[in-house]
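A quick write-up on the structure given underneath.
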């Protein structure tokens, strides 16, 4: 079988030779993608959904071509669209849905001939662009040619995912094709066994100047120490998985985690999806045909089935059998050291369509002490995809990865027989929902429970996102960061006073809590909102905060902030966060040297109650900082509870006067009040610009 052209490097000395190489890469990809659809037996096959959770195949035939035009327009490399209607209807709807979130919307799909004519025009447009667009080397993340490479790699992804859909299609809708011939080799499945992998460190992540294309989730830095473990020499074969099936593994709930159990019950699964049981025994569905079971080929299942098998294996052996982590897979690669196919290597693996259009026996491609560390079938890991330190969204494709940082998409590693281009690289990071079928199987490891990354969701709650940006984001209109400014004022006011414990009351998402920890031994952040507290607590745990920002309408952008870049990583172990009511704090919150109450008092239901008792929380000589814009609103505080901002005996009563009345019995005022500005971003073009009056008070009694 003729394999796929290898991925071009992004550097070199001869720009015209590189232009020719990229043109060949584009044309071979475009042609092979169209050849895949030649396995469909009739026009009806394009319009009947292979599975309810995905669009029909006509969508995917059009999608990769419209992707080229949409991204090239966005990159300002082409000025005019070819077919705006197609470039809308084929643009979105790729990600598989959950089984309880079916999309029954009706689409008026165009004819196959119309889509093929559109693809012909896209082919001509992209070819002309590659032949005429100025090219300088190297090609980097911000280079105009990056959009072209993005389109090619995107189509190679869909070459694989569309082949899975074709495999899931009813057999009457597909036909054998000479360019897509399956492996014919099969024999007795080998006995699997565990091989020791020594402990070691893994260092993962592309640098921005890497000489090969990558998707955004591959860039950044991740290092980890991986303890010694044992891993199965082979991918789990159909024969090995049969033991789980014959032991009623699918019907025994104890092997399945809750999400997997819900999927199994919904799908009524009793065996792998590509297994077919006839009167004469088990058969295997391939992409375009059904063949007698290939017992020595890797079993292809979803994450839930792989996870349940490991639990069953654990119960059978008494050993801690589980799926590997992403780090352990990289450690396995380091141990075996297979060559990198994407840089011109001839990796001895069933990959890149070099061998056949299917899996092959699990004992055919040896790589070190193992087989199929790379290639044959993808391998499920127990690691939900997460961003590396330094992750950035590429502006041309801002929703490629970020929607998968939801804890519900697990990484698959190693590639399959059809994986090519970026997919064939060791650095590739693809993740799918756990009920999803890919050309994916698994190998298992023996080792203690693995440490998994903390949740990396992007905060989408609009108010929380606004406060995350207010506390940790950019500065606007030259106004310094408000929580950091207040913490600086408070620390300056402390002078040489003891700096043992501080309380950030009404801490919101916690920036001032961290800033105060630069000076104090221990800082407690308290807020009435559990959601706000969760942001600070998660940040202290993970060191990284991710959130969406409203741009305009339904458009959003993505932000990532880390304590390290803010110079706060060293204080993480000196902060703690609690939910609490400032007007009714638990007695344990006392003996502080500083209390910071930022933009709090005009949001309390009884500010007088808080102010009358706050001295009991503070040590003698301790400092209280109150900051407030004095925005008194009935939705927060009944008028009768306001301490200022109203007429009393016909005279104006300011909040500062109320503060003095309530605090002076136990405090003396330090210096004069000062105004500190702050800006809250709502959208790209809407901001709140306010002034908060800051007063400092020292406890004297």
### Query
Roughly what % antiparallel, to the nearest 5, for the DSSP beta bridges in region 462-699?
60 percent
### Message
Pairs of alpha-carbon atoms within less than 8 angstrom and 6+ residues apart define the contacts here; what relative contact order does the chain have, in percent?
### Response
11 percent
### Message
On a full-extension model of 0.36 nm per residue, what is the gain between residue 88 and residue 247, subtracting their alpha-carbon distance, rounded to one decimal in nm?
### Response
52.3 nm
#### Entry: Residue exposure sequence - 204, 526 - by fewest surrounding Cβ within 10 Å
204, 526
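Just from its helices, what would the mean residue ellipticity at 222 nm be for the chain, if runs of 4 or more DSSP H residues each count -39500 (n - 2.57) and the sum is divided by every residue, rounded to the nearest 500 deg cm²/dmol?
-8500 deg cm²/dmol
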#### Entry: Rg in Å to one decimal, and Dmax rounded to a whole Å, for region 15-173 via C-alpha atoms
16.4, 51
### Query
Taking R0 as 35 Å, what's the FRET efficiency between residue 80 and residue 221 from their Cβ-Cβ distance, rounded to 0.05?
0.30
### Query
Given the chain, what percent of its DSSP beta bridges are antiparallel, to the nearest 5?
70 percent
### Task
Treat the count of other C-beta atoms within 10 Å as a stand-in for reagent exposure and order 175, 638, 443 from fewest to most.
638, 175, 443
### Query
What is the calculated FRET efficiency for residue 649 to residue 554, with r their C-beta to C-beta distance and R₀ = 51 Å, to the nearest 0.05?
0.50
### Query
Modelled label-to-label distance, residue 168 and residue 107, 7 Å Cα→beta-carbon offset: nm?
1.4 nm
### Task
Determine the shape class of region 462-699: with a ≥ b ≥ c the square roots of the Cα gyration tensor eigenvalues, call it rounded for a/c under 1.5, and otherwise prolate if a/b is greater than b/c, oblate otherwise.
oblate
#### Entry: Space enclosed by the convex hull of the alpha-carbon atoms of region 213-293, per residue, Å³
232 Å³
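For residue 570 and residue 641 in one chain, what is 0.36 nm times their gap in residues minus the Cα-Cα distance, to one decimal in nm?
This chain segment gains 21.4 nm when fully extended.
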## Note on the structure
Using alpha carbon centers only, region 256-315 is separated from region 622-681 by a whole-angstrom value of 67 Å
### Options (i) 88, 56, 51; (ii) 93, 60, 50; (iii) 94, 64, 51 - which one matches Cα extents along the principal axes in Å as calculated here
(iii)
### Query
region 182-227 to region 580-612: how many Å between their Cα centroids?
52 Å
### Message
Once R0 is set to 25 Å, what does the formula 1/(1 + (r/R0)^6) return for the Cβ-Cβ distance between residue 531 and residue 449, expressed as a FRET efficiency to the nearest 0.05?
### Response
0.25
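Which of 247, 382, 336 has the fewest other C-beta atoms within 10 Å, and how do the rest follow up to the most?
Listed from fewest to most nearby Cβ atoms, that is 247, 336, 382.
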### Task
For residue 290 paired with residue 399, estimate the spin-label separation in nm (one decimal), with each label point 7 Å from Cα along the Cα-to-Cβ line.
3.8 nm
### Query
Residues in region 381-411 near a label at residue 257, defined as backbone nitrogen under 19 Å from the 7 Å Cα→Cβ point?
381-387, 404-411
### Query
On full extension of the chain, what length is gained from residue 179 through residue 492, given 0.36 nm per residue of separation minus the C-alpha to C-alpha distance?
105.2 nm
### Message
Quick check: pseudo-label points 7 Å beyond the Cα along Cα→Cβ at residue 208 and residue 701, how many nm apart are they?
### Response
6.0 nm
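Take the alpha carbon gyration tensor of region 46-89, find the square roots of its eigenvalues, order them as a ≥ b ≥ c, and report rounded if a/c is under 1.5; if not, report prolate when a/b exceeds b/c, else oblate.
prolate
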### Task
Answer rounded, prolate or oblate for region 633-701, using the Cα gyration tensor with square roots of eigenvalues a ≥ b ≥ c: rounded when a/c is under 1.5, else prolate when a/b is larger than b/c, else oblate.
oblate
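Where a number appears in this text, it was derived from the coordinates with a stated rule and is not lab data. Given the structure is predicted, the values throughout are model-derived calculations rather than measurements. Backbone-built Cβ (ideal geometry, glycine too); neighbour counts: all protein chains shown.
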